[in-house]
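See below for the structure under consideration.
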Amino acid sequence: GAVVSQHPSWVICKSGTSVKIECRSLDFQATTMFWYRQFPKQSLMLMATSNEGSKATYEQGVEKDKFLINHASLTLSTLTVTSAHPEDSSFYICSASERRAQYFGPGTRLLVL
Amino acid sequence: KNQVEQSPQSLIILEGKNCTLQCNYTVSPFSNLRWYKQDTGRGPVSLTIMTFSENTKSNGRYTATLDADTKQSSLHITASQLSDSASYICAGGFKTIFGAGTRLFVKA
């Protein structure tokens, strides 16, 4: 099946720094990728939809200037958490669609101190 | 309001037993309904995908059912194994809405 990878798998950073998370579709091309955030014991919440070659579409309540998304190629999307704060600590998951199926990455756990 | 509700929140069963997880959805427009398995600290893995015209779909020991009239779905796990311990998430809608999941614990 299709594989989606994320890097890094976990990151610890100081408050105020920026963190970049990469999402790659390894064996298929994804014109659309999705970024989710998941807090403990809660459901996945869609943050934004990333389209190759165009601006991302953000969900209501998600600050586009804080969560920068770049979908530079058909196999790579990046999420940059700018000026991270402790409340940004969460599990960030990306996914990519191929036909009807949606494949998820393994997630990136971010801890902001 | 688009939402997906799952029950129970958590479930403990003995290894080898069967169990059924429930999902009620009110999502529009409806494109498909999906069940995922999510291990702790990992991304979700797809188990089944059903369109509104499909009533049931199986994937090994997992069988999902869909009643488009009542907007209910269920996931039946047969002969549970310790490795089935995970969160099971129901999701639906054109713009996928995820339920909060049912946390399943399988005990030896």
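Please identify the cysteines of chain B that lack any partner cysteine with a Cβ under 4.7 Å from their own Cβ.
B:Cys19 - these cysteines have no disulfide-compatible partner (Cβ-Cβ under 4.7 Å) in chain B.
Just the isolated ones, please: cysteines in chain A lacking another cysteine beta carbon under 4.7 angstrom.
Those would be A:Cys13, since no other cysteine Cβ in chain A comes under 4.7 Å of theirs.
Could you give the distance between the Cα centres of the stretch A:74-90 and the stretch B:11-47, to the whole Å?
About 27 Å separates the Cα centre of the stretch A:74-90 from the one of the stretch B:11-47.
In debye, nearest 20: dipole of chain B around its Cα centre with unit charges on the Cβ of K, R (+) and D, E (-)?
Magnitude of the dipole: close to 200 debye.
Quick one: which of A:Lys64/B:Lys37; A:Lys20/A:Lys55; B:Lys71/B:Lys107 span more than 22 angstrom between C-alpha atoms?
In this structure, A:Lys64/B:Lys37; B:Lys71/B:Lys107 lie more than 22 Å apart at Cα.
Report ³J(HN,Hα) in whole Hz for each residue of the stretch A:66-81, in order, from the Karplus equation J = 6.51 cos²θ - 1.76 cosθ + 1.60 where θ = phi - 60°; Gly and Pro get x.
8, 10, 7, 10, 10, 10, 6, 9, 6, 10, 9, 10, 10, 10, 10, 8
Read phi for every residue in the stretch A:87-94 and hand back ³J(HN,Hα) as whole Hz from Karplus 6.51 cos²θ - 1.76 cosθ + 1.60, θ = phi - 60°, with x for Gly and Pro.
Residue by residue, the stretch A:87-94 yields 5, 7, 4, 5, 9, 9, 10, 10 Hz.
Show me the GluC sites (Glu not before Pro) within the stretch A:57-106 that DSSP assigns to loop and that have at most 10 other Cβ atoms within 10 Å of their Cβ.
Sparse-neighbourhood loop GluC sites (Glu not before Pro): A:Glu63.
May I ask you to sort A:Ser90, A:Ser25 by Cβ crowding, counting other Cβ atoms within 10 Å and putting the fewest first?
The most exposed by this proxy come first: A:Ser90, A:Ser25.
Under a point-charge model restricted to the Cβ atoms of Lys and Arg (+1) and Asp and Glu (-1), what is the dipole moment magnitude of chain A relative to its Cα centre, in debye to the nearest 20?
Using only the charged Cβ atoms, the result is roughly 120 debye.
Under 5 Å between amide H atoms, partner at least 5 residues away or on a different chain: which partners does A:Ser89 have, H built in plane at 1.01 Å?
A:Val112
Which parts of the stretch B:67-108 would a label at B:Ser28 reach, counting a residue when its backbone N lies under 17 Å from a point 7 Å out along Cα-to-Cβ?
B:68-72, B:92-97
Antiparallel as a % of all DSSP beta bridges within the protein assembly as shown, to the nearest 5?
Rounded to the nearest five, the antiparallel share is 90 percent.
For the stretch A:22-34, what does the Karplus curve 6.51 cos²θ - 1.76 cosθ + 1.60, with θ = phi - 60°, yield as ³J(HN,Hα) per residue in whole Hz, taken in order and with x for Gly and Pro?
9, 10, 10, 8, 7, 10, 7, 9, 10, 6, 10, 10, 10
Give me, ordered by chain and number, the residues 5 or more places off B:Gly93 or on other chains with an amide H under 5 Å from its own placed amide H.
The list, which skips near neighbours in sequence, is B:Ser31, B:Asn32.
Taking one equal scatterer on every alpha-carbon of chain A, how large is log10 of I(q)/I(0) by Debye at q = 0.11, 0.15, 0.20, 0.23 1/Å?
-0.31, -0.58, -1.03, -1.34
Every number in this text was worked out from the coordinates using simple rules, so none of it is lab data. Worth saying up front: this structure is predicted, and the values here are computed from it rather than measured. Methodologically, a virtual Cβ is constructed for each residue, glycine included, from the backbone with ideal geometry; neighbour enumeration extends over all protein chains shown.
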